[in-house]
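Colleague: Can you keep this structure in mind? I'll have questions shortly.
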Amino acid sequence: MDRRSFVARSGLALGALPLAAAPALASRPAPPRAFDPTDWESVRDQFPLTRDRVHMATFLLASHPRPVAEAIARHRDAFDRDPAHYWEEHFMTAEWEQREAVADYLDSDPALIALTDSTTMGLGLVYGTLRLGEGDEVLTTPHDHYSTIYALKHRQARDGITVRRVALYDDPAATDPDEVVGRMLAGVTDRTRVVGVTWAHSSTGVKLPIARMAAALGDVNVGRDEADRVLLVVDGVHAFGIEDETAPSLGADVLIAGTHKWMFGPRGTGIVHATREAWRRMTPVIPSFGPDVGVWLGVVPPDVVTPGDTFTPGGFHSFEHRWALGEAFRFHQRIGKDRIEARIHGLNTQAKDALAGMRHVRLLTPRSPELSAGIITFEVKGHGAEAVVAHLHERGITGSSSPYPVSYPRIAPGALNSPAEVERTVAAIAELG
Ligand SMILES: Cc1ncc(COP(=O)(O)O)c(C=O)c1O
């Protein structure tokens, strides 16, 4: 049975009232010219982000580009006019369509993709549901975000799993990929079932060599039974939407990311992508509202249900945001994943080259694009993180400080910034010398 016929067979149909005609959009002023995805100024024009500041912290939470904002407005207006019918007409296909867009971007299968509300929800979903018992080890690092640390802490309290941490580098600026892989492998024991890491660290800006780490764990897994294999679980949020990678090229067993940061997706959206084997190692907690409902009603055969259906937390959501997610992935692909990667790396290299020449600045983030993505963390002699951010703010530049026990100032040149804005930002940092 396909997804469209499920609704009719499920007994969920409300009756075929015609939907009101598509409402007028609560839309923005028309752009000055047609969207040209090859022109960065035209890309920038698709965002309502104010022009009176330099935005060097859009990685925290996205501004919605025009196609995303228009899709949200379309869904919101239709829900406001007739929520029950609009939901009934779209609920079974709309999420699948978003997952198809994510799968196209990741060169994968929508069946393997679950939708979430954030990176944090994805981390909780994965670390909360992996089948792990007392004494099973999760190997992780001190470089991860609070959300990874607490997802594992909660699991540890519940099930007595062992969480071990291994530092993958001491001096972030001098990160060495061979050493990263070597330190990870040295931390793996016979009891290790999961290696949980973060692709790009928001504490230091270091980007890990995930594909190499995945390959090294592949060797460890040779000869292990499926249930004992080490899964590589990756919080990918600060490289997803920057790096020109696919699920196969990355090689992680589980990739978790919010899509409301670098991906420019609707605020309150995220994804989990896992291999079939990795999904088999998890047991869901929150009931989905997908075809599982049809299985329960006896109108859908269980074998049509995919892991991505079952692991997408159910209940009603802010559907106007969730159902606009695919627009963000298509927007990225119209610009070109390779061009976005090159643009962001180029702006970051420009900023780091300038900062590296300042005697009062110490870069924590590696210079090489191989080991960094879009976040630059640094120290300014004689000025704490908050003071640096306040200085930038006074100069009309929005930076941020890292929310970690030791906090550093950060800037994050992204696809919406220009070389001139990077120049202005580093000039403001130079004034602190
Ligand atoms: C590495 C990392 N993981 C997870 C998060 C939390 O992301 P979300 O707001 O999507 O839950 C952040 C916050 O920016 C982060 O830096």
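The values are calculated or read from the model by the stated rules, or taken from the named source; none is laboratory data. It should be emphasised that the depicted structure is a prediction, and the values quoted were computed from it without experimental measurement. A quick note on method: Cβ atoms are made from the backbone with ideal geometry, for glycine too, and the neighbour counts reach across all protein chains shown.
Colleague: Could you check, for the stretch 377-384, whether at least one of its residues is polar (S, T, N, Q), in contact with a Gly (Cβ under 8 Å, 6 or more places away or on another chain), closer than 22 Å to residue 206 by Cα and within 15 Å of the ligand (Cβ to nearest atom)?
Modeller: The first filter runs over the stretch 377-384 and keeps only residues polar (S, T, N, Q), leaving 377.
The next check asks that each one be in contact with a Gly (Cβ under 8 Å, 6 or more places away or on another chain); those that pass are 377.
Now narrow it down to the ones that are closer than 22 Å to residue 206 by Cα: 377.
Going one step further and asking which of them are within 15 Å of the ligand (Cβ to nearest atom), we end up with 377.
Looking for residues that are polar (S, T, N, Q), in contact with a Gly (Cβ under 8 Å, 6 or more places away or on another chain), closer than 22 Å to residue 206 by Cα and within 15 Å of the ligand (Cβ to nearest atom), one finds at least one in the stretch 377-384, hence yes.
Colleague: Need the failing condition index for residue 171 against (1) among the acidic types (Asp, Glu); (2) within 15 Å of the ligand (Cβ to nearest atom); (3) surrounded by fewer than 20 Cβ atoms within 10 Å (Cβ to Cβ), just the number.
Modeller: (2)
Colleague: Name the pairs: first residue in the stretch 193-214 and outside the structural domain of residue 231 (by TED's automatic domain parsing), second residue among the basic types (Lys, Arg) and away from the ligand (no atom under 11 Å from the Cβ), Cβ to Cβ under 7 Å, at least 6 apart or on different chains?
Modeller: none
Colleague: Got at least one residue in the stretch 138-155 being acidic (Asp, Glu), assigned to a helix (DSSP H, G or I) and not assigned by TED's automatic domain parsing to the domain that holds residue 407? Quick ask: steps written out before the conclusion?
Modeller: Step one: filter the stretch 138-155 for residues acidic (Asp, Glu), giving 144.
If we keep only those that are assigned to a helix (DSSP H, G or I) as well, we get none.
Scanning the stretch 138-155 turns up no residue that is acidic (Asp, Glu), assigned to a helix (DSSP H, G or I) and not assigned by TED's automatic domain parsing to the domain that holds residue 407.
Colleague: When only residues in the stretch 385-413 that are small (Gly, Ala, Ser) and touching a helix residue (DSSP H, G or I) at 6+ places or on another chain (Cβ under 9 Å) count, which is farthest from the ligand (Cβ to nearest atom)? Steps first, answer last, please.
Modeller: Applying the first criterion (small (Gly, Ala, Ser)) to the stretch 385-413 yields 385, 387, 390, 396, 399-402, 407, 412.
Next, from what is left, pick out any that are touching a helix residue (DSSP H, G or I) at 6+ places or on another chain (Cβ under 9 Å): 396, 399-402, 407, 412.
Working: 396: 23, 399: 14, 400: 9, 401: 12, 402: 8, 407: 13, 412: 10 Å.
That would be 396.
Colleague: Restricting attention to the stretch 403-433, report how many residues are more than 25 Å from residue 337 (Cβ to Cβ) and either outside the structural domain of residue 344 (by TED's automatic domain parsing) or of a type outside the set (Ser, Thr, Tyr) (or both).
Modeller: 14
Colleague: Can you spot a residue in the stretch 302-314 that is assigned to a helix (DSSP H, G or I), more than 24 Å from residue 185 (Cα to Cα), more than 15 Å from the chain's Cα centre (by Cα) and among the charged types (D, E, K, R)?
Modeller: In the first step, residues of the stretch 302-314 are kept if they are assigned to a helix (DSSP H, G or I); the result is 302-304, 307-311.
Add one more test, that the residue is more than 24 Å from residue 185 (Cα to Cα), and what stays is 302-304, 307-311.
Adding the requirement that they be more than 15 Å from the chain's Cα centre (by Cα) leaves 302-304, 307-311.
If we keep only those that are among the charged types (D, E, K, R) as well, we get 303, 309.
Checked against the condition, which is being assigned to a helix (DSSP H, G or I), more than 24 Å from residue 185 (Cα to Cα), more than 15 Å from the chain's Cα centre (by Cα) and among the charged types (D, E, K, R), the stretch 302-314 yields at least one hit.
Colleague: When you scan the stretch 383-402, do you find a residue that is of a type in the set (Lys, Arg) and touching a strand residue (DSSP E or B) at 6+ places or on another chain (Cβ under 6 Å), even just one? Steps first, please.
Modeller: If we filter the stretch 383-402 for residues that are of a type in the set (Lys, Arg), which is where we start, we get 395.
Then keep just the ones that are touching a strand residue (DSSP E or B) at 6+ places or on another chain (Cβ under 6 Å); that gives none.
No, there is no match, as no residue in the stretch 383-402 is of a type in the set (Lys, Arg) and touching a strand residue (DSSP E or B) at 6+ places or on another chain (Cβ under 6 Å).
Colleague: So which residues in the stretch 75-95 are touching a Pro at 6+ places or on another chain (Cβ under 8 Å) and closer than 30 Å to residue 43 by Cβ?
Modeller: Result: 77, 78.
Colleague: Name the residue, out of 166, 195, 181, that is at negative phi, touching a strand residue (DSSP E or B) at 6+ places or on another chain (Cβ under 6 Å) and either of a type in the set (A, V, I, L, M) or at pLDDT below 95 (or both).
Modeller: Details: 166 fails: touching a strand residue (DSSP E or B) at 6+ places or on another chain (Cβ under 6 Å); 181 fails: touching a strand residue (DSSP E or B) at 6+ places or on another chain (Cβ under 6 Å).
So the residue among 166, 195, 181 that is at negative phi, touching a strand residue (DSSP E or B) at 6+ places or on another chain (Cβ under 6 Å) and either of a type in the set (A, V, I, L, M) or at pLDDT below 95 (or both) is 195.
Colleague: For the stretch 374-394, give me each residue that is touching a residue at least 60 places away in the same chain (Cβ under 8 Å) and either assigned by TED's automatic domain parsing to the domain that holds residue 242 or in a loop (DSSP other than H, G, I, E, B) (or both). Break it down into steps so the answer makes sense when it comes.
Modeller: The first filter runs over the stretch 374-394 and keeps only residues touching a residue at least 60 places away in the same chain (Cβ under 8 Å), leaving 374-377, 392.
Hits for the stretch 374-394 are 374, 375.
Colleague: Are any of the residues in the stretch 231-254 among the charged types (D, E, K, R), surrounded by fewer than 24 Cβ atoms within 10 Å (Cβ to Cβ) and closer than 23 Å to residue 75 by Cβ?
Modeller: So far as the stretch 231-254 goes, no, none of its residues is among the charged types (D, E, K, R), surrounded by fewer than 24 Cβ atoms within 10 Å (Cβ to Cβ) and closer than 23 Å to residue 75 by Cβ.
Colleague: Being away from the ligand (no atom under 16 Å from the Cβ), surrounded by 17 or more Cβ atoms within 10 Å (Cβ to Cβ) and not β-branched (Val, Ile, Thr) is the filter here, so list the residues in the stretch 46-73 that pass it.
Modeller: Matches in the stretch 46-73: 46, 47, 65, 66, 67, 69, 70, 71, 73.
Colleague: Tell me which residues, restricted to the stretch 32-45, are exposed (fewer than 15 other Cβ atoms within 10 Å of the Cβ) and part of a helix (DSSP H, G or I). First the steps, then the outcome.
Modeller: Initial filter on the stretch 32-45 (exposed (fewer than 15 other Cβ atoms within 10 Å of the Cβ)): 32-34, 36, 38-39, 41.
The answer is 41, and nothing else.
Colleague: May I pose another question? In the stretch 93-127, which residue that is more than 16 Å from the ligand (Cβ to nearest atom) and among the aromatic types (Phe, Trp, Tyr) is farthest from residue 283 (Cα to Cα)?
Modeller: Ranking the qualifying residues of the stretch 93-127, first place goes to 105.
Colleague: Just to be sure I understand the filter: pairs with C-beta atoms under 6 Å, separated by 6 or more residues or on different chains, first member in the stretch 106-135 and not assigned by TED's automatic domain parsing to the domain that holds residue 155 and modelled with pLDDT of 95 or more, second member away from the ligand (no atom under 16 Å from the Cβ) and in a loop (DSSP other than H, G, I, E, B). Which pairs pass?
Modeller: The qualifying pairs do not exist here.
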